[in-house]
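Encoded as structure tokens, the structure appears first; notes follow it.
The values are calculated or read from the model by the stated rules, or taken from the named source; none is laboratory data. What you see is a predicted model, and the numbers here were worked out from it, not measured in a lab. FYI the Cβ positions are ideal-geometry reconstructions off the backbone, even for glycines, and counts take in every protein chain you see.
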Amino acid sequence: MEKAVIALKVKSDKTGIRTAVYQACQLAMQAWRSGIEVVDCVITFGGARDILREVKVIDAKERFDTLLIYSPSQICKDKIEYLEFENFMTECFKVGIKYLRSGT
């Protein structure tokens, strides 16, 4: 079974946290429908760099195949940053990225 980690960038207000909860539920439901086991999660107020830092910690504990994000634009400023992030995840961790909503 494919194993995944959910990663979300949240805003620090109540509305942002509520949105993150809804997004996590949507990602978990889609993972379940696709036969993907969610093994951990990353919640950050930063972006791609913070997620990379957390992925290193999780990868040292448990192997996973996929990083699930809500959308590329949520964690990266632009398409170039997202492509660099995606390449780094693939090359260094052998982890693919799947997202629910498109857009960068």
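Among the residues making up region 23-47, those that are small (Gly, Ala, Ser) and farther than 17 Å from Leu100 by Cβ are Gly46, Gly47. Taken over region 51-97, the criterion of being modelled with pLDDT under 95 and part of a strand (DSSP E or B) is satisfied by no residue. When residues in region 40-50 are screened for being in a loop (DSSP other than H, G, I, E, B) and touching a helix residue (DSSP H, G or I) at 6+ places or on another chain (Cβ under 6 Å), 1 of them pass.
Could you check region 34-64 and list, in sequence order, the residues that are of a type in the set (Ser, Thr, Tyr) and more than 12 Å from the chain's Cα centre (by Cα)? Steps first, answer last, please.
Narrowing region 34-64 to residues of a type in the set (Ser, Thr, Tyr): 34, 44.
Passing the criteria: only Ser34.
Selection of region 27-49 for residues being closer than 24 Å to Leu83 by Cβ and surrounded by 15 or more Cβ atoms within 10 Å (Cβ to Cβ) yields Leu27, Ala31, Ile36, Cys41, Val42, Ile43, Thr44, Gly47, Ala48.
Within region 64-89, how many residues turn out to be surrounded by 12 or more Cβ atoms within 10 Å (Cβ to Cβ) and farther than 21 Å from Gln30 by Cβ? Write out each step before concluding.
Within region 64-89, the subset surrounded by 12 or more Cβ atoms within 10 Å (Cβ to Cβ) is 64-76, 79, 81-86, 88-89.
Those still in the list that are farther than 21 Å from Gln30 by Cβ too: 79, 81, 83-84, 88.
Looking only at that region, the number is 5.
Among residues of region 78-96 that are under 17 Å from Ile6 (Cβ atoms), those with a beta-carbon under 8 Å from a residue that is among the hydroxyl-bearing types (Ser, Thr, Tyr) and modelled with pLDDT of 95 or more at least six positions away or on a different chain give the pairs Val95/Thr66; Gly96/Thr66; Gly96/Thr90. Keeping to region 1-39, report how many residues are among the hydrophobic types (A, V, I, L, M, F, W, C) and in a helix (DSSP H, G or I). Count: 10.
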